[in-house]
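See below for the structure under consideration.
Every number in this text was worked out from the coordinates using simple rules, so none of it is lab data. Note that the structure is a prediction, hence the values are computed from the model and not measured. Here Cβ is always computed from backbone atoms with ideal geometry, including for glycine, and neighbour counts include all displayed protein chains.
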Amino acid sequence: MSLNIDYPNPVLSIDGDDYNEDCTFDVSFKEEEIVVDEDNIIIPAVCDLQCNGLSDLIKQGKAVIVVLISSSASFYRRAFEFDSAELTKEIKVPKFDVRKNIDFCGYILAKEDMKSFRCDGDFNDLYFKNMSFPVRKADVLAQGQLRTIPIDDSELEKPISSIFSIQRNTHSDAEIESNFDVDEKIVVYLSERLNQLYYDIKDFNNGALHRYLNGIIAYPVLIEGIAKMCDHYRNGSEYSEKRWFKTIDHKLKALGVNLEEEHENHSYTELADKLLGGIAYDGLLSVKNTIDEETNGGEYINTGGVD
Amino acid sequence: MYLGFFTEDAYDRLLDAVEENKDKYLEPDNWVSTYFAKGVEWCGISSQEVNKFDPWLSGSKDKSEDDCINAIRLHEAFKITPLQATNKYMWAYMCHIDDDCRKYMRYRWSDSKPEQRYFVPGEGMGLYYFNGLSRLWWWAHLTYDPDSKDHYTLTRILFENQMLGKDILDTLNRTNFKRMKGILLAIQEFKGMVGPNEGITDYFRECKKELNHYAAISIFDYLDFEDIKKITLETLIKVRDQAKKE
């Protein structure tokens, strides 16, 4: 729902000046009042309209307050209409029809075609003195603020390893590189030989060296991810909507670290180690245990030397 | 049967190895079930029970002819929610593992890239256009009319011309049933007016631009399907008249 549109008629909005300063419109809700029952997500919406012209049109049945709900991840988009006499409405969104996020935005729409739409005393006279406009049914007359409600946080509860996607590097010669932009996960590209080695070790002995692998591959990439998050909190970025960002943020909060407020106070390395459950120690321990098993099995041959 | 799903890791691994496994996608054997090493967790079974998908394999040279029948069959067999139908791990699992789904996939998509048809590349389009099974389900679901005697009347219109169908689904029309219904009924009526020998894809592409302009300053989702049908039909006629003059 783009907010930067040049409408062919005056539209009352927070950022616009088509109307006088004392005219305002928005439809809002309190997040703590949202209820989820067996079938629906119930959002108690409240309209705040200060504009005599538009209020009169609504009372006359020529305009209507509508909330547009959309969830692009599941191809869902519906307009919920307020009764003409009401400024509140319980919006029931079927919870199995939506995924990830719900976008919520209030509008006032023309309920019928109008040849000469005008709000005397409300339009900004600098632009629209004495002017009237033809509008069609469903044309936008006022637009509220766009709000996004996250609805599915189950992914945030998955293990931290779920935010990584290990893929073979087919586009460069790098042995290992990371990409934080391409997907909801952090993609770690491994060269052909490293990729093969990764999966051989991963499957070895029912995953006995899994922690060691995380230490080699996930740990440094996670440190880089935390650095990007701190940079976001300093300077802003597009990352905050990514699943990897939200998961790391969520899990750090569970560890008592609010990165938004404390991003200057922590070592990225230490935070990554904590997120991976003490990976530095565990990773080396898993190798030691494997070596000990091999040694005790009489198969160990001392071939190593000092670097 | 119960719907299964790949683990995220198994999905990534199979996708990563699709080039080296590409010949296996043409084989009838269930090779994936022995692909992963013992002890590796690669799949799960959900508690969602569905009926078996019985694909129609007519043997026609034009394999897309069967898509409409199979979309309806799959939608009728898999009574799942839209939320469940957005799960790419489930669709990829069914494409790879279920015997009937695999048979259909080999029949329909043997000359396509497995990474596009057996997996779900990207959100959105990956579900309604690329994956071999989910595209059928979503085309049927987005056009399912509970108020019509034949619930799949609109589905049949959408499948009549799949290029046109993709043009329709590539817009926000796919997100609102009233919009889909209005547009599809307008197309059906327009085809009746121009006759079977005149293509309408180009007219609809021009019409789509005008509808997009209209929808940019209006909330189309507020309109009834009859309003949308009227707007669409009038625009198609206007576009055709203009094209005839040139």
Amide H partners (placed H, <5 Å) of residue B:48, local residues excluded: B:3
Residue order, fewest to most beta carbons within 10 Å, for A:284, A:54: A:284, A:54
Amide H partners (placed H, <5 Å) of residue B:43, local residues excluded: B:7
Region B:80-102 versus region B:111-129: alpha-carbon centroid distance in Å: 12
Rounded, prolate or oblate (a/c below 1.5 giving rounded, otherwise prolate when a/b exceeds b/c) for region B:140-197 by Cα gyration tensor: oblate
Net charge of Cβ neighbours under 9 Å - reference residue A:44; Lys, Arg +1; Asp, Glu -1: 0
Across A:95/A:242; A:253/B:38; A:92/A:251, pairs whose alpha-carbon gap is larger than 26 Å: A:253/B:38; A:92/A:251
Cysteines in the protein assembly as shown that, by Cβ-Cβ distance, have no pairing candidate under 4.7 Å: A:47, A:105, A:119, A:230, B:43, B:68, B:95, B:101, B:207
Least to most buried among A:188, B:40 (fewest other Cβ within 10 Å first): B:40, A:188
FRET efficiency, residue A:115 to residue A:85 (Cβ-Cβ, R0 30 Å, nearest 0.05): 0.70
Footprinting exposure proxy for B:50, A:35, A:140 (fewest neighbouring C-beta atoms within 10 Å first): A:35, B:50, A:140
Cα gyration tensor shape for the protein assembly as shown, rounded if a/c is under 1.5, else prolate or oblate: oblate
Relative contact order (%) - criterion: Cα under 8 Å, at least six apart; region: region B:147-246: 36
Neighbouring partner chain Cβ atoms per residue of B:211-221, average, 10 Å criterion: 5
Local electrostatic count, residue A:188, Cβ distance below 12 Å [Lys/Arg +1, Asp/Glu -1]: -4
Peptide-level mean, for A:75-88, of C-beta atoms on other protein chains within 10 Å: 3
Cβ-based net charge around residue B:164, under 11 Å, with every Lys or Arg adding one and every Asp or Glu removing one: 0
Global form of chain B, assessed from the alpha-carbon gyration tensor, a/c cut-off 1.5: prolate
Calculated SAXS-style log₁₀ I(q)/I(0) at q = 0.14, 0.15, 0.16 Å⁻¹ - region B:147-246, Debye, Cα scatterers: -0.49, -0.56, -0.64
222 nm mean residue ellipticity, helices alone, for chain B (DSSP H n ≥ 4; -39,500 (n - 2.57); rounded to 500): -16000 deg cm²/dmol
Total charge dipole magnitude, the protein assembly as shown, about the Cα centre, Cβ charges on Lys, Arg, Asp, Glu only, Debye to nearest 20: 1940
FRET efficiency estimate (nearest 0.05) - Cβ-Cβ, residue B:209 to residue B:245, R0 30 angstrom: 0.95
Cα centroid separation, region A:249-272 to region B:1-76 (Å): 41
DSSP-assigned coil residues among trypsin sites (Lys or Arg not before Pro) in region B:142-195, each with at most 15 further Cβ atoms within 10 Å: B:149
Computed over chain A: relative contact order in percent, which uses C-alpha pairs under 8 Å that are six or more apart: 13
Approximate spin-label separation residue A:50-residue A:266, in nm, with each point projected 7 Å along Cα-to-Cβ: 4.2
Förster radius 25 Å - calculated FRET efficiency between residue B:46 and residue A:253 (Cβ-Cβ, nearest 0.05): 0.25
